[in-house]
Amino acid sequence: MTTDAGRISFRTVYGGPDAGVAYAADVALLKRQLRELAFAYDVDLLLHLGGEISSAEGASGLYAPRVSVAKRTVTAQIRVRQQDLADAAEPGATLRRIISDALLELVGRVAGKDKSVDASAESAKLETVLGDDA
C-alpha cells in the first residue's frame, strides 16, 4: 500500500511569445488543478510549448521519463509542437489531451516499476481534474 504524499509540479518553457500569450492561462489553470492532487510519487515535469524561437522536435508527447522507486520520484518532459496546437479546432483541449496522455503514460510506467502503486487509482485522480481527457 502506498502513501499519497507526492505532488505534480511543472516548469514551463514557452518557445516564443505566441505560445506564451495564447496558452499561459490554460497551463496556469492546469498546474493549479494538478497541484491539489496527492499521488504515490512526486512528479516533476518540464512542459515545453514549442514556438517560433524554440521548437519542440518530434511528435508532441512524453519524453525522457525517469522513475526512481527508491526516491519515489518521476521526472519527464512533455513537448508540445506549436503546429499541433495551431492545427487544432480547440487548442486548449488539445493541450490538455497531450498533457493527460503523457501523465497517464507516466502512471503506467510507475506502476510497472513499483507494484505497490495502483495505476487505476492514480489514473482516477487525474480524471477528477482532466475529465474525459484522462
Q. Could you give the dipole magnitude of region 2-134 about its Cα centre, charging the beta-carbon of Lys and Arg +1 and that of Asp and Glu -1, in debye to the nearest 20?
A. 580
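What is the sum of charges, Lys and Arg at +1 and Asp and Glu at -1, for the other residues whose Cβ falls under 13 Å from the Cβ of Pro91?
Working: positive: Arg81, Arg96, Arg97; negative: Asp18, Asp26, Asp84, Asp87, Glu90.
So the environment of Pro91 carries a net charge of -2.
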Q) In percent, how large is the relative contact order of region 73-124, given Cα pairs closer than 8 Å and 6 or more residues apart? A) 27
Q: On a C-alpha basis, how far is the centre of region 34-58 from the centre of region 77-134 in Å? Whole number, if you could?
A: 10
Q: Report, largest value first, the span of the C-alpha coordinates of the chain along each principal axis, in whole Å.
A: 45, 25, 20
Q. Counting DSSP beta bridges with both partners in the chain, what percentage is antiparallel, nearest 5?
A. 30
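Leaving out ligands, DNA and RNA, what percent of the accessible area of the chain is carbon and sulfur, probe 1.4 Å? List each step's numbers first, then the result.
Values: 3580 of 6920 Å².
Percent of accessible area from carbon and sulfur atoms in the chain: 52.
Name the shape class, rounded, prolate or oblate, that the alpha-carbon gyration tensor gives for region 2-67, where a ≥ b ≥ c are the square roots of its eigenvalues, rounded holds for a/c under 1.5, and otherwise prolate holds if a/b is larger than b/c and oblate otherwise.
Details: a/c = 3.69, a/b = 1.68, b/c = 2.20.
Here region 2-67 falls in the oblate category.
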(Q) With unit charges on the beta carbons (Lys and Arg positive, Asp and Glu negative) and the dipole taken about the Cα centre of the chain, which residue among Gly6, Ser120, Val80 sits farthest to the positive side? (A) Gly6
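Going by the alpha-carbon gyration tensor, a ≥ b ≥ c the square roots of its eigenvalues, is region 26-99 rounded (a/c under 1.5) or, if a/c is not under 1.5, prolate (a/b greater than b/c) versus oblate?
Values: a/c = 2.73, a/b = 1.57, b/c = 1.74.
Cα axes put region 26-99 in the oblate bin.
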Q. Within the chain, how many Lys pairs sit with Cα atoms under 20 Å apart, leaving out pairs fewer than 8 places apart on the same chain?
A. 5
**Q.** Approximate spin-label separation Ala25-Arg11, in nm, with each point projected 7 Å along Cα-to-Cβ
**A.** 2.8
Q: Considering Cα pairs under 8 angstrom that are at least six residues apart, work out the relative contact order of the chain and quote it in whole percent.
A: 24
Q.
Counting only helical runs of four or more DSSP H residues, what would the 222 nm mean residue ellipticity of the chain come to if each run contributes -39,500 (n - 2.57) and the total is spread over all its residues?
A. -14500 deg cm²/dmol
Q. Taking the Cβ of Leu34 as the center, what net charge do the other residues with Cβ under 10 Å away carry, scoring Lys and Arg +1 and Asp and Glu -1?
A. +4
Q.
Can you tally the net charge around Ser68? Count Lys and Arg as +1, Asp and Glu as -1, for every other residue whose Cβ sits under 14 Å from the Cβ of Ser68.
A. +2
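The values are calculated or read from the model by the stated rules, or taken from the named source; none is laboratory data. The structure displayed is predicted, hence computed values, not measured ones. Glycine also receives a Cβ, built like all others from the backbone with ideal geometry; neighbour counts cover every protein chain displayed. Keep in mind that these areas ignore ligands, DNA and RNA; they rest on the heavy atoms of the full protein, side chains included. Shrake-Rupley method; radii C 1.70, N 1.55, O 1.52, S 1.80 Å.
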